[in-house]
Amino acid sequence: MSEISFNQLVYGLVRNIPSGKVLSYGRVAYLLDVPNGARAVGWALSALKDSETGISGVPWHRVVNAQGRVSIKGSPDAAMEQRIRLEAEGIEFDKYDTLDMTRYLWEPALPEIETILVQLRGQDAPD
């Protein structure tokens with residue numbers, strides 16, 4: 001069995017974020033068991049080519065910074081697109097352009113994350 005790439009793990013996990021919920025770059029890295037991997041998550045998401053939905057429908061817009069802000073560097077259009085997509089899913093921003101992470105953070109249970117990762121890696125589920 002071939003090893004799945006870090007980017008593929010990121011995309012697989014992000015595909016599971018429900019509409020109207022978000023994760024931070026750091027939380028994605030944490031759930032993938034990659035300490036200090038927030039920047040690598042950002043690079044993985046920036047590698048998506050199709051700005052409409054990304055590779056195989058990766059909802060890249062559901063990943064924000066730890067403060068609950070859109071933080072796409074170097075592309076005001078992409079940052080605005082991310083905000084528009086989040087608002088279309090019912091996420092509200094305050095006057096400081098920040099979303100309430102306590103309200104919108106996706107907090108999956110550990111068994112759910114383990115199941116997602118096992119499926120991504122093509123392993124048998126633990127008993």
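The values are calculated or read from the model by the stated rules, or taken from the named source; none is laboratory data. Only a predicted model underlies this, so the values are computations on that prediction, with no experimental measurement involved. Cβ coordinates were reconstructed from backbone atoms using ideal geometry, including for glycine residues, and neighbour counts include every protein chain displayed.
Matching residues to (1) at pLDDT 95 or above; (2) among the hydrophobic types (A, V, I, L, M, F, W, C); (3) surrounded by fewer than 16 Cβ atoms within 10 Å (Cβ to Cβ):
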| site | (1), (2), (3) |
| --- | --- |
| L23 | yes, yes, no |
| G26 | yes, no, no |
| P35 | no, no, yes |
| D50 | no, no, yes |
| V58 | no, yes, no |
| V64 | yes, yes, no |
| M80 | no, yes, yes |
| L86 | yes, yes, no |
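Annotation note: of E107, E92, E81, the sole residue that is within 17 Å of L117 (Cα to Cα), charged (D, E, K, R) and out of contact with any Phe, Trp or Tyr (no Cβ under 6 Å at 6 or more places or on another chain) is E107. Looking at the stretch 11-100, the helices (runs of 4 or more DSSP H) lying wholly inside it that each contain 2 or more residues that are within 10 Å of the chain's Cα centre (by Cα) sit at 25-31, 38-46. Determine, yes or no, whether F6 is more than 12 Å from the chain's Cα centre (by Cα), within 26 Å of R121 (Cα to Cα) and among the aromatic types (F, W, Y). It is true that F6 is more than 12 Å from the chain's Cα centre (by Cα), within 26 Å of R121 (Cα to Cα) and among the aromatic types (F, W, Y). Taking every residue in the stretch 57-76 that is over 18 Å from P18 (Cα atoms) and pairing it with any residue that is outside any loop (DSSP other than H, G, I, E, B) and of a type in the set (A, V, I, L, M, F, W, C), at least 6 positions away or on another chain, the pairs with Cβ-Cβ distances below 6 Å are I72/A78; I72/A79.
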